[in-house]
Every structure is written in C-alpha cells, then in structure tokens.
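Worksheet: the structure to be examined is printed underneath.
The values are calculated or read from the model by the stated rules, or taken from the named source; none is laboratory data. Just so it is clear, the structure is predicted and the values come from calculations on it, not from any experiment. Positions of Cβ are generated from backbone atoms using ideal geometry, with glycine treated the same way; all protein chains shown enter the neighbour counts. Note: areas computed on protein heavy atoms with side chains; ligands, DNA, RNA excluded. Shrake-Rupley method; radii C 1.70, N 1.55, O 1.52, S 1.80 Å.
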Amino acid sequence: YVAAVYEHESLLSPDPTALVDRGSALELMGRNLDIYEQQVVAAARQGAQIIVFPEDGIHGFNFTRSSIYPYLDFVLHSHSGKWNPCREPYLFNDTEVIQRLSCMALKNKIFLVANLGTKQPCERTDPHCPSDGRYQFNTNVAFDDDGALVATYRKHNLYFEYAFDTPPEPDYKFFDTPFAGKFGMFTCFDILFFEPAVNLIRRYNLKQIVYPTAWMNQLPLLSAVEFQQAFATAFNVNILAANIHHPTLGMTGSGIYTPVKSFIYHNMESYGGKLIVAEIPVITTDYETNLEETPGRVSEKGNEQLPPPFYAEMMYDNFTFVPVWGQKGELQVCANTLCCYLNYRRAVLTDEFYALGVFDGLHTVHGTYYVQACALVKCGGLSFSTCGQEVTDATALIDFQLWGNMSTHYIFPLLLTSGITLDFADHMGWKNNDYFMSKNRTSSGLLTAALYGRWYEKD
C-alpha cells in the first residue's frame, strides 16, 4: 500500500500561556490546517491511501491547563465510526478542527490520522473528574476515506504535559482499512511503555501502526528515527511515524518503516515541513529471525589483559564502559545481572574512540522506566569522560557481533550511522539465553550499535 507521513513545522502561539478566545485559537489552528490541506492533496496525488500528521501539529505546545482550553475540540470517544463530521457538522459544538480534518479525508478519498487537543465534560460523581469539571486529552483521531471518524485515541503516557489529563484506563484503539487491514494507534512517549503500545499490538496481533509524535532527539540511544526503526523491527510491524519539525528544540525525525527497510527524514539544518510518501508491503506473516553465523561466547583466554572498565553518564544513566581499542578484539562488560559481549574488527584504524557500555537499572530522568542496554558507541572525544556524548558523525567502519544475557524479551536493536542515517543488522535474535546482533561493514561510519532492552515488569 502507499502511505504518507508529514513532518510539520507548526506555526506556534507567540505566548502559549496567554488566555485567548476560541476565535483567536481557531485562527492559529486554521493556519496549520491550511498546510495540512495542501499536504493531503499532494499525498493523494502521489497515490497515498493513508496520511499521518504529528503530535501537537495543529495547536502547538507549552500551554497551561487553562490556556489550552480555547484550542480544544469536543470529541465523544464513544462516537467512533458513527459520526461523519464533514457531512454532519451540526451534531456537536466546538468541532471545527475535527470537521476540517474530516473534510480533507472525504475530499481526497484518503484515510487521515491527526493529533489534537480534546475536551469532555465529566460529572462530579466521577472520582477521576478534574476540579474544573472537564477532561482534557491529547488525542489522535482517524478518519476513513469517506470522512467518517473511525477511531480516537487518548495519549496515556504524558511527557510533562500539564495541560492534559491521563485517561482513567488505557485506550486500545485501532481501525480497519481495505488496503492493509487493521492499524493500531498510539502517541510519542507511549512507544517506551508496555501500556498501551505493546499490549495493543500483542492483544490484537496488529501489523500496521500509525504514530503521531513530537519527539526531542536524544543521542546516542533515543534519536527519533533510530528508535522508530528499532520498534518496527522488534515487533515486526510497519510504522507510519510523523514528527514535528523544530530543529531549535531538537525535534525532527519521521519515517515510514518496515522491519527490514525504512524511508526516513531527519534534518536539523533547514526549516519547513517534509512529506514522505512510500509504497510498503502489508505484513501478514512474521519475518524469520536469521540465526546463521551466530556467535559463541567470548573465549576465556585467561592470560589476556582486558582493558579497565570506567564510568560515564549516557542518557542520564551511569553506564559502565570498557574502551574499544585497536583494530580487533573481544570484550565483555557487566553491571548487575547483565553482561555484554563484543567481537569487533575495524576496516581501518581511525583516530576515533569507541567504547562498549552496559546499563541495567531504573532510568529516572524525564520519565521512569527500567532499561537493560548493551551499547557500542562512538565517544565525543578521545577521553573516557566523552563517552555518552551526542555525536552525529563518524568514519569508522566496524564489523561486529554484539550480545548480552538479557532478562527481558523486549529488545530494540539500534543501529545508527554517520549523519543520523539507519542501517540494518545482518543477523539478530536469541541464541540460548543471549540476544545478539551482528553486522559486517556498516553503510557508513558507526555511531551506535545497541541492544536496548525494556524490562517493563520492573518499571
């Protein structure tokens, strides 16, 4: 099928904390929706059957609970599938944004997914009801090619979004299409958690995901395109990921991903939006994990001196590292219950410093979640203290086998190369109690090769 995602540079309110009236809010949102409309037309012309827009693309961000109120549309979450806002605009008040999106889908005969703020009054008798008598949700809406509202999803894992409420229960939302079957839906930070993302995919055996996001890149392990691709590979799904484009805030990175190929956009240099259109296969069966050439454990040579471990902060976590010196070698490094092993060979010895790091613990900054990670990374400089820094360019081509005795089955294979481009492992999967990834000759200089495990039960 042919899919489209749009990375949008949203027109933002000059002062999101200021209180404005509905008319002013609609005027700002209308300017973003005008851009959406042009992109829907362009995508439809290229044969796209579905288009996805980013999180916060219509209204922006950094609001307070009260300042966002004029930007919120009214959506009854139970109405999915029974209401066509373009054809029945009179059913509810404060649905101007929903109506415009519905009409874009209808006019262009395309499935459309977008993100907006929604409001819902609640009763004082509802124990979850906020003191102002209403819920405010960060919401994805999906329309079919006739403009009918076929699914709404309320973001569950909010990322410092004080304007919004967490829904009382996680939404498991998907919609059906004639061209690729069911599409599941979740938003941004949700991708790191079991609920509802993983549970949704497992429970309904979903193979296609639409994913609006407003993601701030964090190298070396959580760049947007790097993690989106790893998620597609780990769960054997296609992901249509649309991110916001605000390079000054570190926000870029969208794509259309299959478990074995990706069409991505990552651009920190220029401004303006970007439409990606790609034809991808509908996934019906599971890809077989390739288990040839699986490594054995590092041979215990006993007399060989392993380089000394050192500690450095990476992604706000205290990693234990060993230096990756010389043209080739075998290394191991352990922390808590996790041991990571690396066999490596460099094509040419460059003056770049790499290290193998391990972390097995609770990540507590900007969210709390348990991580088990084995990571081969290029350091920012030549000293130990530069390991874990954000690096975007590299020239070293490294053949490697990386593996670890992970305690979780949820492993995201990260393989990031120079200029924030993606590569794919030659082989990966479980062998005995180890998860491994191997690669001969990356397409360009290696930035990160990592096994990023999420141990959800220990969050």
- prompt: Identify, please: which residue in region 176-196 is free of Cβ contacts under 8 Å to residues at least 60 places away in the same chain and farther than 25 Å from Asn62 by Cβ and is, among those, most open to solvent (accessible area, probe 1.4 Å)?
  reply: Pro178
field: Residue tally, condition open to solvent by 10 Å² or more (accessible area, probe 1.4 Å) and among the β-branched types (Val, Ile, Thr), over region 202-238
entry: 1
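Table: residues versus (1) touching a residue at least 12 places away in the same chain (Cβ under 8 Å); (2) hydrophobic (A, V, I, L, M, F, W, C); (3) farther than 24 Å from Ile50 by Cα.
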position	(1), (2), (3)
Phe63	yes, yes, yes
Val75	yes, yes, no
Cys86	yes, yes, no
Glu96	yes, no, no
Ser102	yes, no, no
Lys109	yes, no, no
Glu123	no, no, yes
field: Failed item in (1) in contact with a helix residue (DSSP H, G or I) (Cβ under 7 Å, 6 or more places away or on another chain); (2) open to solvent by 10 Å² or more (accessible area, probe 1.4 Å), with Asn199 passing the rest
entry: (1)
- prompt: Which condition number does Arg100 fail, the rest of (1) more than 19 Å from Tyr153 (Cα to Cα); (2) surrounded by 15 or more Cβ atoms within 10 Å (Cβ to Cβ); (3) of a type in the set (Lys, Arg) being met?
  reply: (1)
query: Residue check, Leu342 against (1) of a type in the set (A, V, I, L, M, F, W, C); (2) out of contact with any Cys (no Cβ under 9 Å at 6 or more places or on another chain); (3) open to solvent by less than 40 Å² (accessible area, probe 1.4 Å), all met but one. Which one?
result: (2)
query: Taking Arg65 and the conditions (1) assigned to a loop (DSSP other than H, G, I, E, B); (2) open to solvent by 40 Å² or more (accessible area, probe 1.4 Å); (3) out of contact with any Asp or Glu (no Cβ under 8 Å at 6 or more places or on another chain), which numbered condition does it fall short on, given that it satisfies the others?
result: (3)
message: Restricting to region 240-279, name every residue that is crowded, with 19+ Cβ neighbours inside 10 Å and more than 20 Å from Ala114 (Cβ to Cβ).
response: Thr258, Pro259, Ser262, Ile264, His266
field: Thr395 outside any strand (DSSP E or B) and more than 24 Å from Ser254 (Cα to Cα)
entry: yes
statement: Those residues of region 435-459 that are under 11 Å from Trp403 (Cβ atoms), free of Cβ contacts under 8 Å to residues at least 60 places away in the same chain and open to solvent by less than 20 Å² (accessible area, probe 1.4 Å) come to a total of 1
query: Which one of the conditions (1) in contact (Cβ under 8 Å) with a residue 40 or more places away in the chain; (2) among the hydrophobic types (A, V, I, L, M, F, W, C); (3) buried (at least 21 other Cβ atoms within 10 Å of the Cβ) does Leu397 fail to meet, given that it meets all the rest?
result: (3)
query: Residues in region 16-30: is at least one in contact with a strand residue (DSSP E or B) (Cβ under 9 Å, 6 or more places away or on another chain) and assigned to a helix (DSSP H, G or I)?
result: yes
query: Which of the residues spanning region 109-144 are out of contact with any His (no Cβ under 9 Å at 6 or more places or on another chain) and either under 14 Å from Ser66 (Cα atoms) or hydroxyl-bearing (Ser, Thr, Tyr) (or both)?
result: Lys119, Thr125, Pro130, Ser131, Asp132, Gly133, Arg134, Gln136
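Conditions tested, residue by residue: (1) in contact with a helix residue (DSSP H, G or I) (Cβ under 6 Å, 6 or more places away or on another chain); (2) open to solvent by 10 Å² or more (accessible area, probe 1.4 Å); (3) without any contact (Cβ under 8 Å) to a residue 12 or more places away in the chain; (4) within 13 Å of Gly273 (Cα to Cα).
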site	(1), (2), (3), (4)
Pro14	no, yes, yes, no
Gly23	no, yes, yes, no
Tyr36	no, no, no, yes
Gln39	no, yes, no, yes
query: Got a sec? Which strands (runs of 3 or more DSSP E) wholly within region 117-226 have at least 1 residues that are outside the structural domain of Met268 (by the TED database)?
result: none
task: Considering (1) open to solvent by 20 Å² or more (accessible area, probe 1.4 Å); (2) at pLDDT 95 or above; (3) of a type in the set (A, V, I, L, M, F, W, C), say which one Leu76 fails and leave the rest.
output: (2)
Hits in region 404-433 - residues which are on the phi > 0 side of the Ramachandran plot and assigned to a loop (DSSP other than H, G, I, E, B): Gly419, Ile420, Asn432
message: Looking at region 356-368, can you tell me whether even one residue there is open to solvent by 30 Å² or more (accessible area, probe 1.4 Å) and among the charged types (D, E, K, R)?
response: no
